[in-house]
Amino acid sequence: MARHLAKCAYPEGPDVVAVAQIRVDAPGSPYWLDLDVKTSTTMAQLDQFLRTTWLECCDHLSSFQIGRTRYEVSMQDSQADERSMSARVSAALPPAGSVFTYEYDYGSTTSLRLKVVAQHEAPSRREAVRLLARNEAPVWTCDECDATAGSLCAQCSLEGDAFFCEAHAEEHDCGEEAMLPVVNSPRMGVCAYGD
C-alpha cells in the first residue's frame, strides 16, 4: 500500500503543501490506517482525527510519545519532557522511517503505533489530515453458530467467546446492555465505543 500511495496519492501541481505520510496500526490487531498530515497543522488536529476515525467514546485523555517527549492536551504539571499538543507537526514529528506511539484512555488504554513513512508535497487542501487507505473490516463470526457476528459482549470479551450474531446476542446471558456493535476499530469492545 505504501508504494502505491507514493505513486498515486501525490500528483504534482502548482499549489502544494508539505505533508507527512503516516501508517497507524494497533499492534497485535488487524487494524491500520494510512494517512497524511499537513506539517503546518498541530498534533492536536492529528489527535482529533484519530479520535473521530477510530477511538472516541467518552472524551478520555490521550498523548503522543515521540522519542523522550510526550505531547498532551492538558499541561497542568508540565515536566521538561512534556509538550502541548498545540505543537506543530513539523516541529514534533521524527524523520521518515521513525516510529512513535499514541495512547487513548489511560484506564482502558488503546495503544497505537505510528510510523512516518515519507515526507511529500501534496495538492493544497482544507483538511489537516487526509485518510488515504485503511484495512478492510474484519469479519468476525458468532461464537455459537459461525454466522457473521454483529455484536460483541463487553463483559465476555476479556475471556473470549464474545462475538454473537443477532439471534445469539438476544439470548446471551449477560444481557442486551453488555452488547456493543462489531466495528472496524481497535477500540471495539472497550468502554462505550460503538461507532
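Some points to look at:
- Reported count of residues in segment 3-29, each being basic (Lys, Arg) and part of a strand (DSSP E or B), is 1.
- Residue check, residue 116 touching a Lys or Arg at 6+ places or on another chain (Cβ under 9 Å), closer than 27 Å to residue 15 by Cβ, of a type outside the set (Gly, Ala, Ser) and touching a residue at least 12 places away in the same chain (Cβ under 8 Å): yes
Here's the yes/no breakdown for (1) of a type in the set (Ser, Thr, Tyr); (2) out of contact with any Pro (no Cβ under 6 Å at 6 or more places or on another chain); (3) modelled with pLDDT of 90 or more:
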| site | (1), (2), (3) |
| --- | --- |
| 2 | no, yes, no |
| 10 | yes, yes, no |
| 19 | no, yes, yes |
| 35 | no, yes, yes |
| 39 | yes, yes, yes |
| 43 | no, yes, yes |
| 56 | no, yes, no |
| 61 | no, yes, yes |
| 75 | no, yes, no |
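- Search result, residues across segment 6-64 that are of a type in the set (A, V, I, L, M) and under 13 Å from the mean Cα position of the chain (by Cα): 22, 24, 26, 33, 35, 46, 50, 55
- Close pairs from segment 145-168: first within 13 Å of residue 183 (Cα to Cα) and in a loop (DSSP other than H, G, I, E, B), partner open to solvent by 40 Å² or more (accessible area, probe 1.4 Å) and among the polar types (S, T, N, Q), Cβ under 9 Å, at least 6 apart: 149/141
- Checklist (1) under 26 Å from residue 135 (Cβ atoms); (2) in a loop (DSSP other than H, G, I, E, B); (3) open to solvent by 60 Å² or more (accessible area, probe 1.4 Å) applied to residue 57, failing item: (3)
- Residue that is surrounded by the most Cβ atoms within 10 Å (Cβ to Cβ), among those in segment 78-109 that are closer than 20 Å to residue 41 by Cβ, among the small types (Gly, Ala, Ser) and out of contact with any Asp or Glu (no Cβ under 8 Å at 6 or more places or on another chain): 92
- Pair list, Cβ < 7 Å and 6+ apart or interchain, from segment 35-53 residues that are in a helix (DSSP H, G or I) to residues that are aromatic (Phe, Trp, Tyr) and open to solvent by 10 Å² or more (accessible area, probe 1.4 Å): 43/71
- Scanning segment 144-165 for residues that are in contact with a Gly (Cβ under 8 Å, 6 or more places away or on another chain) and open to solvent by 40 Å² or more (accessible area, probe 1.4 Å) yields a count of 1.
- Sub-7 Å Cβ pairs linking a first residue in segment 172-183 that is assigned to a helix (DSSP H, G or I) to a second residue that is surrounded by 18 or more Cβ atoms within 10 Å (Cβ to Cβ) and of a type in the set (Gly, Ala, Ser), at least 6 apart or interchain, are 178/154, ordered by first then second residue.
The values are calculated or read from the model by the stated rules, or taken from the named source; none is laboratory data. Everything numeric here is computed off the predicted structure, so don't read it as measured data. Backbone-built Cβ (ideal geometry, glycine too); neighbour counts: all protein chains shown. Ligands, DNA and RNA are excluded from the accessible area calculation, which covers all protein heavy atoms including side chains. Shrake-Rupley method; radii C 1.70, N 1.55, O 1.52, S 1.80 Å.
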